[in-house]
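The block underneath contains the structure these notes are about, expressed in structure tokens.
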Amino acid sequence: MAPPPVVQELQNARYQVSFVDAVTGAAIADPLKVSFAGEAQLKAADGTSLNGKSLTTSAGTVFVSADFTSTANEFTVQVADAGTKGWVPSGTRVIGTANLKGDQAIEVRMVNTTKAAAVNASPEPIAMAVVTGSVTASGATAAAITSTTTPKTVTTEEGVSEVIGTASVAISAGTVGKTASGAAAAPGPLTVSNTYFSNATLDALEAFPGGFAATVVVPAANAAVLNGVAPDAGTFVTAGFAQFNVTDSAGNAIKTFDKPLTLGIDMPKGTAGANGAALVAGDQYPVWSYDDNAGTWKFETLGTVAEKTPVDSKNFTVQFQTTHLSTWSLSQYLASCTASVNLTGRPASDVRLLDVEVVGTTGQRYGTSLPVTDSNLTLLRAPQINATITVRDRGTVVGQVTNQALCGGAISVPVTLPVLQLGNVRIETLESCTDGSSERAIAAAASVRYTSGEDYSRSAYTTHLATADTFSQATVSGIPAGAVTVRAQNPRTGAWVEPTSIVGNSSVVTTGATTAFRFRFPMDCKPVTGAL
């Protein structure tokens, strides 16, 4: 039996991008369409190019390798519902540096319009409203349609209880809606949903489509909203954002309209302008829309900050009109820098995974969470604002500093780490013909999810370390003792699978020991034909 060509090892920066429910944090098992774009050279696990390509996954995870250079240092991942399960499109943007290598896990948070009750019942500062109208045979709305999310009380990042604002949409009677391809809405029921994301917590901020380090599109006449920053060099701070969606009776997304729709997004009182001063009624604030295909934000208008009716002691509102729908945000585009965070008090031998959370202070919200296994973190394209930096060990705060200038020099965060029993996970990947012949090593992406207590994951990539070995391997150190789930991606099929065998104490990592998870992938071997 003749095996297929060897899969080449990927040497560049490698990412596992997971798609999760923004409310529950659970991986999305429904079919999703994932698209890739950007300047960096992107490859799938089998080495094929991903630039400008799309794929469908039901695994909740995709793998991508990126070759960054000094002039090609970014890429975007766009995700949309591949069926009619109700997932709202989103995406993320990744910024790298030349010759960056290593493995990293990234999450994209999505909301589902079929789960409005669960969204509204959750403690997250996210609210959703779904209403139904109707469309006539001509494709026009039979009557006016309005929808407004319901305010709810949440706990902010600072631990304060507050009532978040709302988002609203109004469609006048006789409005004709069309799909992205220009087809009129199908007659029958028309579903209108809007989801409001307050900027109160990191979880909501991390659902910001495309990430805060955005490339933006701004007409020359409106260049002042860039605040003197190049359109590919700044970073957003946001006062809040909302996703608006309209779906016809055939399940088609309706994107454009022949009459203006009126949208409204609230912002917390105390929100600052670009100069850092708190806004008052009558001030103007930039309004942006997100391009679900290109992964870019486009400046739309300067919205007027206004009091609500009746007056809300906690929130202003900004209303504006549009003839297209997507995600909209109230955001400022600010200058950025490369920020440095140093964790002090961490022993050099301690390689447990810690989460470093960076949240802009009230009035200038920005948020990101990055995993570290050492004591140094470099934050690319950090906005020139003050922020709180929190370090967590499996969900528990072990260090925090507040009101730190991200661009004012290296920031030290003292951490106090509890004694933790640690073990290791070794991942071995190989392939063979179905009859067991032609066994050989194969490089593959893998994930290790620690499920004892706080749920978190580590990414890995196996390589062929010794010529005599018939397998590739990777060792993930510093895993807390306890139960883990390990999966690997077959680079030839893209499928994520369970281990073929485990050497150790089942799927439990024990203190000071190494548990080995072996994956054997079947090859499509061809019979050897012909004669000598």
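Given the criteria more than 26 Å from L370 (Cβ to Cβ) and of a type in the set (K, R), does K85 qualify? Break it down into steps so the answer makes sense when it comes.
Working: more than 26 Å from L370 (Cβ to Cβ): yes; of a type in the set (K, R): yes.
When the stated conditions are applied, K85 passes them.
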* Within region 161-181, tally of residues that are in a loop (DSSP other than H, G, I, E, B) and either touching a residue at least 24 places away in the same chain (Cβ under 8 Å) or under 30 Å from V311 (Cα atoms) (or both) -> 9
* Can you tell me which residue within region 1-23, out of those that are farther than 14 Å from Q104 by Cα and at pLDDT 90 or above, is surrounded by the most Cβ atoms within 10 Å (Cβ to Cβ)? => F19
* Is region 161-173 home to any residue that is of a type in the set (S, T, Y), under 19 Å from T256 (Cβ atoms) and either surrounded by fewer than 22 Cβ atoms within 10 Å (Cβ to Cβ) or modelled with pLDDT under 95 (or both)? -> yes
* Sole residue being buried (at least 19 other Cβ atoms within 10 Å of the Cβ), closer than 24 Å to V108 by Cβ, in contact (Cβ under 8 Å) with a residue 40 or more places away in the chain and among the hydrophobic types (A, V, I, L, M, F, W, C), chosen from V358, V448 -> V358
* To do: Could you identify the single residue in L430, L406 that is crowded, with 16+ Cβ neighbours inside 10 Å, outside the structural domain of A495 (by TED's automatic domain parsing) and not β-branched (V, I, T)?
  => L406
* Subset tally (residues that are among the basic types (K, R) and part of a strand (DSSP E or B)) for region 145-155 -> 0
* Structure fact -> Of those in region 496-506 that are out of contact with any strand residue (DSSP E or B) (no Cβ under 6 Å at 6 or more places or on another chain) and outside any strand (DSSP E or B), the residue farthest from F63 (Cα to Cα) is S506
* Determine if region 121-144 includes at least one residue that is crowded, with 20+ Cβ neighbours inside 10 Å, in contact with a helix residue (DSSP H, G or I) (Cβ under 6 Å, 6 or more places away or on another chain) and in a loop (DSSP other than H, G, I, E, B). => yes
* Asked: Do we find that E158 is within 29 Å of D30 (Cα to Cα) and in a loop (DSSP other than H, G, I, E, B) in this structure?
  -> no
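Run down T515, T529, T470, T511 and say which single residue is modelled with pLDDT of 90 or more, part of a loop (DSSP other than H, G, I, E, B), more than 30 Å from the chain's Cα centre (by Cα) and not charged (D, E, K, R). Please lay out each step first, then the result.
Values: T515 fails: part of a loop (DSSP other than H, G, I, E, B); T529 fails: modelled with pLDDT of 90 or more; T511 fails: modelled with pLDDT of 90 or more.
Just one listed residue meets the conditions, T470.
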* Residues being more than 21 Å from the chain's Cα centre (by Cα), closer than 16 Å to F212 by Cβ and not in a loop (DSSP other than H, G, I, E, B): count how many of those fall in region 361-387. => 1
* For residues in region 29-48 being assigned to a loop (DSSP other than H, G, I, E, B) and among the small types (G, A, S), which is nearest to S90 (Cα to Cα)? -> A29
* Take A382 and decide whether it is under 29 Å from G270 (Cβ atoms) and free of Cβ contacts under 8 Å to residues at least 40 places away in the same chain. => no
* To do: Could you look through region 460-485, keep only residues that are under 17 Å from E498 (Cβ atoms) and hydroxyl-bearing (S, T, Y), and pick out the one that is surrounded by the fewest Cβ atoms within 10 Å (Cβ to Cβ)?
  => T485
* Asked: On the given criteria, is A488 at pLDDT 90 or above, surrounded by 15 or more Cβ atoms within 10 Å (Cβ to Cβ) and either among the basic types (K, R) or assigned to a strand (DSSP E or B) (or both)?
  -> yes
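Where in region 225-311 are there strands (runs of 3 or more DSSP E), lying fully within it, with 3 or more residues that are of a type in the set (A, V, I, L, M)?
On the way: elements: 235-247, 256-268, 284-291, 296-307.
Filter on region 225-311 gives 235-247, 256-268, 296-307.
The values are calculated or read from the model by the stated rules, or taken from the named source; none is laboratory data. Not measured: the values here are computed from a predicted model. Here Cβ is always computed from backbone atoms with ideal geometry, including for glycine, and neighbour counts include all displayed protein chains.
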